[in-house]
Amino acid sequence: MSGPGVAGPVVVIGGGPAGMAAARAAARLGVRVLLVDSGAMLGGQYHRQNSLAGRDLFALPPGVEHLPHTVVWALEPVPGGGHRVHLRTGPADGPGRTGREVGTRALVLATGAYDRALPFPGWDLPGVYTAGAAQALAKGQGVRVGERVLVAGTGPFLLPVAASLTAAGAGVAGVLEAAEPVTAWLRRPAGAVAGWRKFGELAGYAALLARHRIPYRRRTAVVAAHGTDRVEAVTTARLTPGWETVPGSERRVEADAVCVGFGFVPQVETALAAGCALDGGFVAVDAAQATSVPGVFAAGELTGVGGAGPAAAEGEVAGVAAAKLLGARPAPPAAALRRVRAGRGFAAALARAYPVRDGWRTWLADDTLVCRCEEVPYGELRRSVQEREALGVRAVKLVSRAGLGQCQGRVCGPNVACLTGVPDAAAFARRPIASPVRLGELAEPPPAEPEPGT
């Protein structure tokens with residue numbers, strides 16, 4: 001229930017399961033909500049909608065203002081508490097984006113995560129996609145990335161990607177899992193119990209693979225892609241437990257597309273801009289999803305990767321806590337809190353079952369590009385760092401150029417950190433401007449007055 005003195009808005013960043021749940025929870029308590037999302041439609045990656053369907057599958061309650069096609073490019077702390085959120089609305093590659101500033105004392109971050117792609121010889125060829133991008137094309141526009149596609153990497157996300165590709169009409173030649181998940185789950189049955197709700201989903205994917213005769217190979221990976229103008233074939237190999245290739249196990253497989261995904265990297269730029277503390281690369285939160293910064297809450301993959309259900313539960317808890325901060329008088333969300341506890345156990349078990357082992361570094365050749373934006377090959381990166389004794393992220397960037405390109409290390413940052421021994425991979429995400437913004441937009445006069453809320 002709501003109470004007197006309820007103000008707002010709660011600003012929610014992210015329109016996936018966590019962000020939608022936070023917005024709904026806060027709105028139910030009578031608080032105004034501004035939901036900011038970079039996508040055109042609600043749902044995020046988990047529930048990506050088909051933009052050609054002509055209808056929206058998700059509805060938000062009254063009191064929620066939804067801003068699609070909108071990015072947060074900067075956060076400013078406000079004296080006395082709260083933040084000023086700087087927004088840009090409009091297509092990222094088009095002119096005419098409009099600016100807006102919103103003040104808030106309750107900010108919920110639900111920005112999700114990026115796909116992690118590991119480099120290998122030929123991964124810069126056209127026809128190599130991240131698993132998330134291939135799924136987005138299939139689910140969002142019905143586009144198949146190839147006629148004969150291999151899905152490779154590690155983690156359960158590979159299965160829905162294969163399903164989406166099949167639904168779009170692609171022929172999936174195989175799903176290659178680099179880890180040994182069955183053994184890992186059997187060693188830690190408590191983690192499997194925490195995720196028992198996923199069993200039905202897993203059985204559905206197993207049936208789909210069987211129905212379409214798609215082989216699922218464990219401890220196997222794509223270690224090279226071949227082609228002139230695009231992918232024409234790949235080399236697959238069996239892996240040791242440490243992910244080195246097993247000599248003599250290499251096979252050449254014809255394929256015109258490869259989708260690779262090795263888990264996810266939390267999208268922490270906005271959280272770092274707010275000054276939130278991290279724990280193991282994820283945003284540290286308490287039982288109410290509160291971060292180390294007063295008035296800032298985090299939910300979903302920012303705090304751990306456990307799937308849509310746990311993300312939505314965390315979003316509900318964060319939305320209730322944010323509304324309470326603004327004066328609402330809610331009852332504790334007991335059911336959501338129970339789901340959060342179970343979800344965190346499952347997320348931890350997932351991380352243990354699908355680790356990224358260091359042996360992937362042996363797949364690289366000296367001329368394998370590590371940073372595609374700046375075209376930095378592995379050999380040059382290694383020599384630059386060794387010869388100039390670069391120790392931190394800033395030094396590594398300056399001596400090698402890796403992470404200085406258009407993506408600003410979003411793609412290559414974790415891999416460069418692993419290859420160079422930089423201990424703080426999240427440092428690649430520390431930047432004063434969280435999203436790309438044009439110089440012309442920076443030069444525009446600011447809005448007359450920031451919208452109230454602080």
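Of the residues G248, G275, G242, G281, only one is modelled with pLDDT under 95, out of contact with any strand residue (DSSP E or B) (no Cβ under 7 Å at 6 or more places or on another chain) and of a type in the set (G, A, S); which?
Details: G248 fails: modelled with pLDDT under 95; G242 fails: modelled with pLDDT under 95; G281 fails: out of contact with any strand residue (DSSP E or B) (no Cβ under 7 Å at 6 or more places or on another chain).
One residue alone meets the criteria, G275.
Being closer than 26 Å to W185 by Cβ and in a loop (DSSP other than H, G, I, E, B) is the filter; apply it to region 355-393 and report the residue that is least open to solvent (accessible area, probe 1.4 Å).
Among those that are closer than 26 Å to W185 by Cβ and in a loop (DSSP other than H, G, I, E, B), it is P355.
Just the residues that are closer than 18 Å to P9 by Cα and part of a strand (DSSP E or B), please, taken from region 278-297.
The answer is A290, V296, F297.
Given A365, A299, which one is more than 23 Å from G403 (Cβ to Cβ) and either out of contact with any His (no Cβ under 8 Å at 6 or more places or on another chain) or among the hydroxyl-bearing types (S, T, Y) (or both)?
Values: A365 fails: more than 23 Å from G403 (Cβ to Cβ).
When all the criteria are applied, what remains is A299.
Suppose we filter V437, V416 for residues that are among the aliphatic types (A, V, I, L, M), surrounded by 16 or more Cβ atoms within 10 Å (Cβ to Cβ) and part of a loop (DSSP other than H, G, I, E, B); which single one remains? Quick ask: steps written out before the conclusion?
On the way: V416 fails: part of a loop (DSSP other than H, G, I, E, B).
Selected residue: V437, the only one of V437, V416 that is among the aliphatic types (A, V, I, L, M), surrounded by 16 or more Cβ atoms within 10 Å (Cβ to Cβ) and part of a loop (DSSP other than H, G, I, E, B).
In region 339-354, which residues are open to solvent by 30 Å² or more (accessible area, probe 1.4 Å) and either of a type in the set (V, I, T) or outside any helix (DSSP H, G or I) (or both)?
Y354 - this is the single residue of region 339-354 that is open to solvent by 30 Å² or more (accessible area, probe 1.4 Å) and either of a type in the set (V, I, T) or outside any helix (DSSP H, G or I) (or both).
Return the residue satisfying two criteria in turn: it lies in region 298-338 and is assigned to a loop (DSSP other than H, G, I, E, B) and over 25 Å from P156 (Cβ atoms), and of such residues it is most open to solvent (accessible area, probe 1.4 Å). Don't jump to the end; show me each part of the working.
The first filter runs over region 298-338 and keeps only residues assigned to a loop (DSSP other than H, G, I, E, B), leaving 299, 303-307, 326-333.
Remaining after also requiring over 25 Å from P156 (Cβ atoms): 326-333.
On the way: L326: 6, G327: 24, A328: 7, R329: 141, P330: 30, A331: 73, P332: 105, P333: 25 Å².
Result: R329.
E76 is checked against (1) assigned to a strand (DSSP E or B); (2) in contact (Cβ under 8 Å) with a residue 24 or more places away in the chain and fails just one. What number does that condition carry?
Single failed check for E76: (2).
Answer yes if at least one residue in region 170-191 is aromatic (F, W, Y) and modelled with pLDDT of 95 or more, and no otherwise.
Of the residues in region 170-191, the ones aromatic (F, W, Y) are 185.
Remaining after also requiring modelled with pLDDT of 95 or more: none.
Checked against the condition, which is being aromatic (F, W, Y) and modelled with pLDDT of 95 or more, region 170-191 yields no hits at all.
Might you check whether a residue that is aromatic (F, W, Y) and within 30 Å of R88 (Cβ to Cβ) occurs anywhere in region 423-434? Before you say what the answer is, go through the steps one by one.
Narrowing region 423-434 to residues aromatic (F, W, Y): 428.
This time we only want the ones that are within 30 Å of R88 (Cβ to Cβ), so: 428.
Scanning region 423-434 turns up at least one residue that is aromatic (F, W, Y) and within 30 Å of R88 (Cβ to Cβ).
Can you tell me which of (1) modelled with pLDDT of 90 or more; (2) more than 20 Å from the chain's Cα centre (by Cα); (3) part of a loop (DSSP other than H, G, I, E, B); (4) closer than 22 Å to A274 by Cα is the one P61 doesn't meet?
Tallying (1) modelled with pLDDT of 90 or more; (2) more than 20 Å from the chain's Cα centre (by Cα); (3) part of a loop (DSSP other than H, G, I, E, B); (4) closer than 22 Å to A274 by Cα, P61 fails exactly one: (4).
If you go through region 378-427 one residue at a time, how many are touching a Cys at 6+ places or on another chain (Cβ under 9 Å) and closer than 20 Å to G122 by Cα? Talk me through it step by step, then tell me what you get.
Let us first name the residues in region 378-427 that are touching a Cys at 6+ places or on another chain (Cβ under 9 Å), namely 381, 400-409, 411-413, 415-416, 425.
This time we only want the ones that are closer than 20 Å to G122 by Cα, so: 381, 402-403, 405, 407, 409, 411-413, 415-416.
Residues in region 378-427 being touching a Cys at 6+ places or on another chain (Cβ under 9 Å) and closer than 20 Å to G122 by Cα: 11 in total.
Filter region 23-55 for residues that are surrounded by 14 or more Cβ atoms within 10 Å (Cβ to Cβ) and among the charged types (D, E, K, R); which is nearest to R329 (Cα to Cα)?
The extreme case among them is R28.
The values are calculated or read from the model by the stated rules, or taken from the named source; none is laboratory data. This one's a predicted model, so the numbers in the text were calculated from it and none came from an experiment. Quick reminder, even Gly has a Cβ in these numbers, built from the backbone with ideal geometry, and neighbours come from all protein chains shown. Note: areas computed on protein heavy atoms with side chains; ligands, DNA, RNA excluded. Shrake-Rupley method; radii C 1.70, N 1.55, O 1.52, S 1.80 Å.
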